[in-house]
Amino acid sequence: MTQIAAQDRDVFRALSDPTRREILALLRQGHQPAGAIARAFPVSRPAISKHLRVLRDARLVAEVRQGRERLYQLNAAPLKTIDDWLAAYRRYWQTQLQNLKHYAEEGKK
């Protein structure tokens, strides 16, 4: 059985929340100041700060200070490990669907 590293657990935990996934989607458009991110959601600014902290801890976002402003940018590199983990499940389902296709085609003969 494969063990998931602590860093990977942080990434899974960060991705488990829909608001954090939405923040990552927002950051795909480019750097965003913390205030702009907070305005995009119907929750308090402190709540968004907590979400950003979780994303920072998982290294999914990077914080850059420009003067008094904090800009956040997406760091997609930790998602590669998750994608690698999911690859085994993709192969499993591709095999299952291929087997189903063969079964269905055999039944037509």
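The values are calculated or read from the model by the stated rules, or taken from the named source; none is laboratory data. All figures in this text were calculated on a predicted structure; none of them were measured in a lab. Ideal geometry is used to build each Cβ from the backbone, glycine not excepted, and the neighbour counts take in all protein chains shown. In case anyone asks, the SASA skips ligands and DNA or RNA and just uses the protein heavy atoms, side chains included. Shrake-Rupley method; radii C 1.70, N 1.55, O 1.52, S 1.80 Å.
Can you confirm whether the range 79-99 contains a residue that is touching an Asp or Glu at 6+ places or on another chain (Cβ under 9 Å), within 15 Å of L27 (Cβ to Cβ) and modelled with pLDDT of 90 or more? Give the steps one after another, and end with the answer.
In the first step, residues of the range 79-99 are kept if they are touching an Asp or Glu at 6+ places or on another chain (Cβ under 9 Å); the result is 81-82, 85.
Now narrow it down to the ones that are within 15 Å of L27 (Cβ to Cβ): none.
No.
Taking the range 60-89 only, how many residues are under 18 Å from Q32 (Cα atoms) and not charged (D, E, K, R)? Outline the logic, then answer.
Here is the first cut: in the range 60-89, the residues under 18 Å from Q32 (Cα atoms) are 60-76.
Going one step further and asking which of them are not charged (D, E, K, R), we end up with 60-62, 64, 66-67, 71-76.
Residues that pass the stated criteria total 12.
Given the criteria out of contact with any helix residue (DSSP H, G or I) (no Cβ under 9 Å at 6 or more places or on another chain), open to solvent by 60 Å² or more (accessible area, probe 1.4 Å) and basic (K, R), does R21 qualify? Before you say what the answer is, go through the steps one by one.
Numbers: out of contact with any helix residue (DSSP H, G or I) (no Cβ under 9 Å at 6 or more places or on another chain): no; open to solvent by 60 Å² or more (accessible area, probe 1.4 Å): yes; basic (K, R): yes.
So R21 fails the test.
Provide a single number: the residues in the range 63-109 that are over 30 Å from R20 (Cα atoms) and surrounded by 11 or more Cβ atoms within 10 Å (Cβ to Cβ).
First, the residues of the range 63-109 that are over 30 Å from R20 (Cα atoms): 95-109.
Still in the list and also surrounded by 11 or more Cβ atoms within 10 Å (Cβ to Cβ): none.
Of the residues in the range 63-109, 0 are over 30 Å from R20 (Cα atoms) and surrounded by 11 or more Cβ atoms within 10 Å (Cβ to Cβ).
Look at the range 21-53 and say how many of its residues are of a type outside the set (A, V, I, L, M) and touching a residue at least 40 places away in the same chain (Cβ under 8 Å). Before you say what the answer is, go through the steps one by one.
Kept after step one, since they are of a type outside the set (A, V, I, L, M), are these residues of the range 21-53: 21-22, 28-33, 35, 39, 41-42, 44-46, 49-51, 53.
Narrowing further to those that are touching a residue at least 40 places away in the same chain (Cβ under 8 Å): 28, 30-32.
Residues flagged as of a type outside the set (A, V, I, L, M) and touching a residue at least 40 places away in the same chain (Cβ under 8 Å) within the range 21-53 amount to 4.
Given (1) open to solvent by less than 60 Å² (accessible area, probe 1.4 Å); (2) at pLDDT below 95, where does R13 come up short, assuming only one miss?
(1)
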